[in-house]
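The values are calculated or read from the model by the stated rules, or taken from the named source; none is laboratory data. What you see is a predicted model; the values in this text were computed from it and never measured. Cβ placement follows ideal geometry from the backbone for every residue including glycine, while neighbour counts extend to all protein chains displayed. These accessible areas exclude ligands, DNA and RNA; they are computed on the full protein's heavy atoms, side chains included. Shrake-Rupley method; radii C 1.70, N 1.55, O 1.52, S 1.80 Å.
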Amino acid sequence: MTGMPSHAGMSRRVYRVALACIALLFVVCAYTTAHWRAAIADRALREALLNQARSIAQTIDVGQARALTFTAADADLPAFQRLRAHLANYHTVIDCRGIYILALRDGELVFGPESYAPDDPQASPPGTIYLEPSAQDWAIFQTARAFTGGPWDDEYGTFVSALAPVLDPRSGQVLMAIGLDIEATTWQATLNRERLKAVLALLPLPLILCGGLWVVRRRDRWPRSQRWLRYAETITIAAFGLTLTLIVALTLHEAQARARQEAFRHLADMHAALVLDAFNDL
């Protein structure tokens, strides 16, 4: 008997190796899932921001757009005041730092009406030249394609931005562009929350496995009357499987809800485009 290996020592080593494997597997899965979740959230946020920019662009009165000169003289124009109030009202119901209008004048991008209050540090008087626009800001006046880009830096800070063109219904020319900004810190905080949600969603899985290992290792020290201890392995596997199934089911449900919302948005955009075309014809 004295020559036999120590069962307790072997159990301790196996226990530590199993815990290390669980921890390593959790770290790998948590990192992968958090990255995947953040990527999905990033795409969804960019798409939502772009849709908001397009929606605002569709509501712009073309006659008011043509009335703007994008100079300091616009501040007293009724068209400028109406567009500014329109953007300010829209800003109260969407989550962004601000809404602004850009136009191309004499080879420069200049600002027009904005949702910012006059005393806001990011406010620009009409006719202010945009000193550090991106290449996509320039391109929208040539391609008339809405886009979401960033985070990128300009003289006002670091932002994720979306721009959508306002088109002349007769010529198809880009009269101006509607821009929406979200500060990069706010954007990153939102993605970090999605990463944290992914990690917390997976956390019960390693806890279940660690708890099961702990019970299996110590059950010989507990009273024999607790018969359920004999099924600790089965209970652990069942609890792990049920929790994993619940996580997968909730993930699929969220994906289906996102797909239904996207399909509904496309359908609503189609009907809105028909109504807008009818008004433009009038």
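This table checks each residue for (1) open to solvent by 60 Å² or more (accessible area, probe 1.4 Å); (2) touching a Pro at 6+ places or on another chain (Cβ under 9 Å); (3) modelled with pLDDT under 80.
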| position | (1), (2), (3) |
| --- | --- |
| L203 | yes, no, no |
| W228 | yes, no, yes |
| T236 | no, no, no |
| T245 | yes, no, no |
| F264 | yes, no, yes |
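For region 158-196, enumerate the residues that are small (G, A, S) and touching a strand residue (DSSP E or B) at 6+ places or on another chain (Cβ under 9 Å). Across region 158-196, the qualifying residues are S161, A162, A164, A177, G179, A184.
Quick check: anything in region 159-166 of a type outside the set (K, R) and open to solvent by 30 Å² or more (accessible area, probe 1.4 Å)? Before you say what the answer is, go through the steps one by one.
Taking region 159-166 first, the residues of a type outside the set (K, R) are 159-166.
Restricting the remaining residues to those that are open to solvent by 30 Å² or more (accessible area, probe 1.4 Å) gives none.
Checking region 159-166: not a single residue is of a type outside the set (K, R) and open to solvent by 30 Å² or more (accessible area, probe 1.4 Å).
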